[in-house]
Amino acid sequence: MKSMTEVNEERVHEIFNKISVDYDKMNSIISFKQHDIWRAATMRKMGDLTGLTVLDLCCGTGDWTLDLARAVGDTGSVVGLDFSENMLAIAEQKMTMKKLINVNLIQGNAMDLPFADASFDVVTIGYGLRNTPDYLTVLREIFRVLRAGGRAVCIDTSQPTFPVYKQAFGLYFHNIMPLFGKVFAKSYDEYRWLQKSAREFPDAKKLKLLFEQACFSDVTYKLHGGGAVASHFARKSARPKSNIRIGK
């Protein structure tokens with residue numbers, strides 16, 4: 001399943017490299033500083049992560065990576081993966097400043113993860129799935145690198161369903177968000193592209209079905225911001241059905 005018509009990976013790479021310096025500031029502006037609250041709520045629902053091995057996929061500038069590193073503690077470890085070297089450079093600065101030594105940041109592609117099967121206890125992906133060329137391929141890669149019984153957690157934009165709010169949300173993302181990008185980050189075209197990726201991303205119910213299509217079980221989700229954002233939680237069964245074929 002394609003995330004957007006004719007997604008150009010080189011263009012996406014160029015966009016995130018360009019907006020990297022203003023990325024954190026723009027997230028606060030665009031979400032009215034709610035994105036930190038939504039991530040914290042998601043972390044609480046994930047429970048105790050002490051000692052676990054975690055992959056933070058599409059880690060960007062590393063805010064979720066940092067939270068995860070603190071949560072797993074000295075006995076756990078976190079790998080942050082992103083395809084933008086500029087984003088990773090900022091993430092590296094954050095980890096160094098916080099003196100976190102249980103984090104390894106690497107450049108890579110979510111469509112083809114450079115890890116062996118069953119490498120991680122938990123895989124997270126925050127606001128990155130919608131910018132990949134094929135959602136299902138990424139979810140299957142997440143499934144592959146998870147250990148039996150492991151968990152996948154995704155935070156991303158969704159599609160509000162309440163009348164009036166739905167229209168207001170659409171107006172905000174279509175017109176206001178690119179304008180904010182122009183005013184605060186000199187990046188109108190980039191944020192116009194990002195609003196398009198959010199507009200075309202599946203709603204929470206459809207994304208739940210994609211998780212299930214990728215062979216995940218116990219798939220649930222929690223809506224934030226009136227349905228503008230959703231956190232999905234899924235598990236790789238300890239005993240996969242014998243008739244399920246895992247792979248791309």
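Miscellaneous remarks
- At most 11 other Cβ within 10 Å, DSSP loop - trypsin sites (Lys or Arg not before Pro), the stretch 67-123: LYS99
- Put SER119, SER197 in order of accessible area, highest first, and with a 1.4 Å probe you get SER119, SER197.
- Here LYS205 is the anchor, and the aspartates and glutamates within straight C-alpha reach of less than 19 Å, apart from those fewer than 8 places off in the same chain, are ASP134, ASP156, ASP218.
- Label-point gap, in nm, between THR220 and ASP48 - each point 7 angstrom along Cα→Cβ: 1.8
- Spin-label pair LYS205-PHE162: with each label point 7 Å from Cα along the Cα-Cβ axis, the two points sit 1.8 nm from one another.
- Where labels lie 7 Å past Cα in the beta-carbon direction, separation of ALA41 and HIS13 in nm: 3.6
The values are calculated or read from the model by the stated rules, or taken from the named source; none is laboratory data. What you are looking at is a predicted structure, and each value in this text was computed from that prediction instead of being measured. Backbone-built Cβ (ideal geometry, glycine too); neighbour counts: all protein chains shown. Just so you know, the surface numbers come from the protein's heavy atoms only, side chains and all, with ligands and any DNA or RNA stripped out. Shrake-Rupley method; radii C 1.70, N 1.55, O 1.52, S 1.80 Å.
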